[in-house]
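Here's the structure, in structure tokens; my notes come after.
The values are calculated or read from the model by the stated rules, or taken from the named source; none is laboratory data. Predicted, not measured: the structure shown is a model, and the values here were computed from it. Using ideal geometry, Cβ is built from the backbone for each residue, glycine included, and neighbour counts are taken over all protein chains shown. All accessible areas refer to the heavy atoms of the entire protein, side chains included, with ligands and DNA or RNA removed. Shrake-Rupley method; radii C 1.70, N 1.55, O 1.52, S 1.80 Å.
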Amino acid sequence: MKEERCLQAALLCLGVLCCSQGLERPGRARPSLHGHRDRGKEGQVLHRSKRGWVWNQFFVIEEYTGPDPVLVGRLHSDIDSGDGNIKYILSGEGAGIIFVIDDKSGNIHATKTLDREERAQYTLTAQAVDRNTNRPLEPPSEFIVKVQDINDNPPEFLHENYHANVPERSNVGTSVIQVTASDADDPTYGNSAKLVYSILEGQPYFSVEAQTGIIRTALPNMDREAKEEYHVVIQAKDMGGHMGGLSGTTKVTITLTDVNDNPPKFPQSVYQMSVSEAAVPGEEVGRVKAKDPDIGENGLVAYSIIDGDGMDMFEITTDYETQEGVVKLKKTLDYETKKSYSLKVEAANVHIDPKFISNGPFKDTVTVKIAVEDADEPPVFLKPSYIFEVQENAASGTVVGKVHAKDPDAANSAIRYSIDRHTDLERYFVINAEDGNIKTIKTLDREEMAWHNISVFAVEVHKQHQEAKVPVAIKVVDVNDNAPKFAAAYEAFVCENARSNQQFITISADDKDDSANGPRFIFSLPPEIIHNPNFTLRDNRDNTASVLVRREGFSRQKQDLYLLPIVISDGGVPPLSSTNPLSIRVCGCDGSGSLLSCNAEAYVLNAGLSTGALIAILACIVILLVIVVLFVTLKRQKKEPLIVFEEEDVRENIITYDDEGGGEEDTEAFDIATLQNPDGINGFMPRKDIKPEYQYLPRPGLRPAPNSVDVDDFINTRIQEADNDPTAPPYDSIQIYGYEGRGSVAGSLSSLESATTDSDLDYDYLQNWGPRFKKLADLYGSKDTFDDDS
């Protein structure tokens, strides 16, 4: 084997050498290590060097697995006489690792197994040097070692699995997909990389082109509905497909795509449906479905009603998710009018392929019969909503409008109406339960609420669960009932040095009424002050007015505040007007008209009062005003309640007189007998728990003279006035403690009788009150004192 390898290498070297010599151009000298002379055309001596190397382009077989290194070639110099004085040196790609050289003989060996697919060639440099001095004897020379290919790589496909689609019913020879394999071997050397494709699985449906790898259909009219997916195995083999070549395979999954080659078909000829007459338009009645074995857009079916007596009452739509035809109610049904309907429904493909139009019409029809079911229907208003108008400020009981509903059933039951009070919380309206007339029960104010939205119920008299509801919108029509007013709280300022006819403020107005009864506004002065000497008014005719100064020479010292009444009229029918006072304060200004001060303090100071004195005076005035206000407030709040409680008996009021009595022993001051039973003098008992219905006017003849000293007449007169005055409780009545009242179980509470009763109270402190209370101290003193006296 080694000898064959060496022989092959020698033959290759010899062939390359012959080729290189044969390719030398005529007239060009071959380089040599030994020089000689040539003469030129003019006798010039030319020198050229002779090539000293015997070398070639070397080849080495890849994947050599022998025990010895492979001899690649041999280098030899012409000056090498064989005495061993020349040393050969090798450098370059792989030198010393893959390729080694015998420095004496020049033989080059490959020490490792080479793979052409990893590297196809190596570039090396050889040089002959003196063995003793390492002096280069010739220039270095470069050569190439090529790795010769063998068939050691099988074909490989780009993908392990391929997926392809082809329409069903395609013609024979329709291209499906092209598969491609590659071979890592050298395509320029032999047939190692020459591939041939063949099909191992998938016949007789598909075939493959041997040179290109294109897969084509082999049978006509392949039907997706019969078989949708096919599995094909393709082989690629090198060496031109001959025996001994290497091969690789791949799997191809081919799916037949759908075409519209099947029309839709209904599974039955008649559909039976029913619907209640109470169903509302848009409600679903039923569904029909035509089956189409195609998929995607080829299986889309559209439904339509093409005939029947229910075309105006029903409609059909397509549910594209379920491919069903949905029959819906188009108009309201009436069982009493018609009890059944018939429809003819057509199902047709949406997309039709002209190639398969010969397969027949791509549509089908079916009959749908619909029965109407009777239902107890609620009342129905004649209108879906009502809009009424009523003027504001209309009297209570004004008719706003009328709603009407009826029972659609054959019984035609009576209807009763009512207002949903959740929509009329303030109870502005009332409705007649029998005829549906809506009236006002309160005065309406447009400025408070311009629209009232209420709901009216209608129920059957004998079937309260059957009710209907309708919205009613009531517009409050505006009337001119609001006079215009100032748009803001104006406060004007005029300078003391103001010029005549100088404008110092512009005013505008606002009206709560609608625009028809509002602007335009007219501004004027009252007739009595139309010739006001201080100010004048100019209507700007744009719903504003300007106030001007009529004279000059205002003085804060003389008058610092003016009130100018301004009359504002609106444009309503009839027009309304109001008088609005405008406060004008006189202020001090500089020469440019800018305000400096509106206070009259500077003039008051000239009277000799200091600022502190003025503040003190003002504080005193404020305090006095506060005291007066508190006093008046307390006097007004001092009223007796209408209901008399036990702990708040009105007879406990104390009447104070300016003279001091002489105690119990003084019986000459006045006759106390007249006070024993004040409610029994006239036999009249006024009620304090109800409010009187009329105002009582005391008779002037009953009043005693102011200077009268007759206490008895005075008291009787006051008692008679109090007893006969039903307008208010007797706040000024005289209370008696010596008489408890008729039928009282408590007995008398008078202190006059307490001296004879036992008491647990301690009145010893009366001893320390002085001589005036000595008598009381003796009467109510301690028991020991009484015992001692006795």
Report summary line: Flagged in region 189-215 as outside any loop (DSSP other than H, G, I, E, B) and farther than 30 Å from Val60 by Cα, in numbering order, are Tyr197, Ser198, Ile199, Leu200, Glu201, Phe206, Ser207, Val208, Ile214, Ile215
Query raised in the report: Just to be sure, is Ala489 in a loop (DSSP other than H, G, I, E, B), within 12 Å of Leu582 (Cα to Cα) and out of contact with any Ser or Thr (no Cβ under 6 Å at 6 or more places or on another chain)?
Result: yes
Report task. Determine if region 523-533 includes at least one residue that is in a strand (DSSP E or B), touching a residue at least 40 places away in the same chain (Cβ under 8 Å) and surrounded by 13 or more Cβ atoms within 10 Å (Cβ to Cβ). Result -> yes
Report task. Out of the residues in region 354-389 that are closer than 22 Å to His404 by Cβ, part of a loop (DSSP other than H, G, I, E, B) and of a type in the set (D, E, K, R), state the one that is least open to solvent (accessible area, probe 1.4 Å). Result -> Glu377
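Let's see how each residue does on (1) surrounded by fewer than 13 Cβ atoms within 10 Å (Cβ to Cβ); (2) without any contact (Cβ under 8 Å) to a residue 12 or more places away in the chain; (3) under 30 Å from Ile584 (Cα atoms):
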site	(1), (2), (3)
Ile438	no, no, no
Arg446	no, no, no
His452	no, no, no
Val461	yes, no, no
Glu467	no, no, no
Ala473	no, no, no
Val476	no, no, no
Ala483	no, no, yes
Val494	no, no, yes
Query raised in the report: Of the residues that make up region 258-277, is at least one assigned to a helix (DSSP H, G or I) and either in contact with a strand residue (DSSP E or B) (Cβ under 7 Å, 6 or more places away or on another chain) or of a type in the set (Lys, Arg) (or both)?
Result: no
Query raised in the report: Say we look at region 412-430 and pick out the residues that are among the charged types (D, E, K, R) and surrounded by 14 or more Cβ atoms within 10 Å (Cβ to Cβ); which of these is modelled with the lowest pLDDT?
Result: Asp424
Report summary line: Of the residues in region 775-785 that are surrounded by 13 or more Cβ atoms within 10 Å (Cβ to Cβ) and in a helix (DSSP H, G or I), the one that is modelled with the lowest pLDDT is Thr785
**Report entry** Leading residue by the ranking (most open to solvent (accessible area, probe 1.4 Å)) among those in region 333-353 that are in contact with a strand residue (DSSP E or B) (Cβ under 7 Å, 6 or more places away or on another chain) and assigned to a loop (DSSP other than H, G, I, E, B)
**Finding:** Lys339
Query raised in the report: How many residues does region 469-509 hold that are of a type in the set (Gly, Ala, Ser) and closer than 30 Å to Pro378 by Cα?
Result: 1
Query raised in the report: Out of (1) more than 26 Å from Lys355 (Cα to Cα); (2) over 39 Å from the mean Cα position of the chain (by Cα); (3) open to solvent by 30 Å² or more (accessible area, probe 1.4 Å), the odd one out for Met273 is which?
Result: (3)
Report task. Can you work out which of the residues in region 556-571 that are in contact with a Lys or Arg (Cβ under 9 Å, 6 or more places away or on another chain) and outside any loop (DSSP other than H, G, I, E, B) is most open to solvent (accessible area, probe 1.4 Å)? Result -> Leu561
Query raised in the report: Looking at (1) of a type in the set (S, T, N, Q); (2) more than 51 Å from the chain's Cα centre (by Cα); (3) buried (at least 18 other Cβ atoms within 10 Å of the Cβ), can you tell me which one Asn599 breaks?
Result: (3)
Report task. Given the conditions (1) out of contact with any His (no Cβ under 9 Å at 6 or more places or on another chain); (2) among the hydroxyl-bearing types (Ser, Thr, Tyr); (3) surrounded by fewer than 20 Cβ atoms within 10 Å (Cβ to Cβ), report the number of the one that Thr253 does not fulfil. Result -> (1)
Report task. Can you tell me which residue within region 99-114, out of those that are open to solvent by less than 30 Å² (accessible area, probe 1.4 Å) and either within 15 Å of Glu63 (Cβ to Cβ) or within 60 Å of the chain's Cα centre (by Cα) (or both), is modelled with the highest pLDDT? Result -> Ala110
Requested in this report: Scan region 122-139 and report the pairs whose first residue is within 26 Å of Thr111 (Cβ to Cβ) and whose second residue is surrounded by 16 or more Cβ atoms within 10 Å (Cβ to Cβ) and among the basic types (Lys, Arg), with Cβ atoms within less than 7 Å and a gap of 6+ or a chain change.
Outcome: Val129/Lys87; Arg131/Lys87
Query raised in the report: Of Lys291, Lys330, which residue is under 41 Å from the mean Cα position of the chain (by Cα) and surrounded by fewer than 19 Cβ atoms within 10 Å (Cβ to Cβ)?
Result: Lys330
Query raised in the report: Within the group Lys237, Lys291, Lys265, Lys251, which residue is outside the structural domain of Ile199 (by the TED database) and in contact (Cβ under 8 Å) with a residue 40 or more places away in the chain?
Result: Lys265
**Report entry** Qualifying residues in region 539-554 (those that are over 53 Å from the mean Cα position of the chain (by Cα) and open to solvent by 30 Å² or more (accessible area, probe 1.4 Å)) - the one nearest to Ser597 (Cα to Cα)
**Finding:** Gly553
Query - Selection count, region 391-430, where residues are assigned to a loop (DSSP other than H, G, I, E, B) and not basic (Lys, Arg) - result: 24
Requested in this report: Please specify each residue of region 116-152 satisfying the condition of being open to solvent by 40 Å² or more (accessible area, probe 1.4 Å), outside any strand (DSSP E or B), under 30 Å from Asp183 (Cβ atoms) and of a type outside the set (Val, Ile, Thr).
Outcome: Glu117, Glu118, Arg119, Ala120, Asn151, Asp152
Query - Residues being of a type outside the set (S, T, N, Q), more than 21 Å from Gln211 (Cα to Cα) and in a strand (DSSP E or B) - total across region 153-188 - result: 2
Query raised in the report: Looking at Ser455, Ser508, Ser515, which is the one that is outside the structural domain of Ser569 (by the TED database) and of a type in the set (Ser, Thr, Tyr)?
Result: Ser455
Query raised in the report: When Leu300 is evaluated against the numbered criteria (1) farther than 30 Å from Asp185 by Cβ; (2) in the same structural domain as Arg216 (by the TED database), which criterion, by number, is the only one it fails?
Result: (2)
Requested in this report: Within region 188-196, identify whether any single residue is modelled with pLDDT of 90 or more and open to solvent by 60 Å² or more (accessible area, probe 1.4 Å), and answer yes or no.
Outcome: no
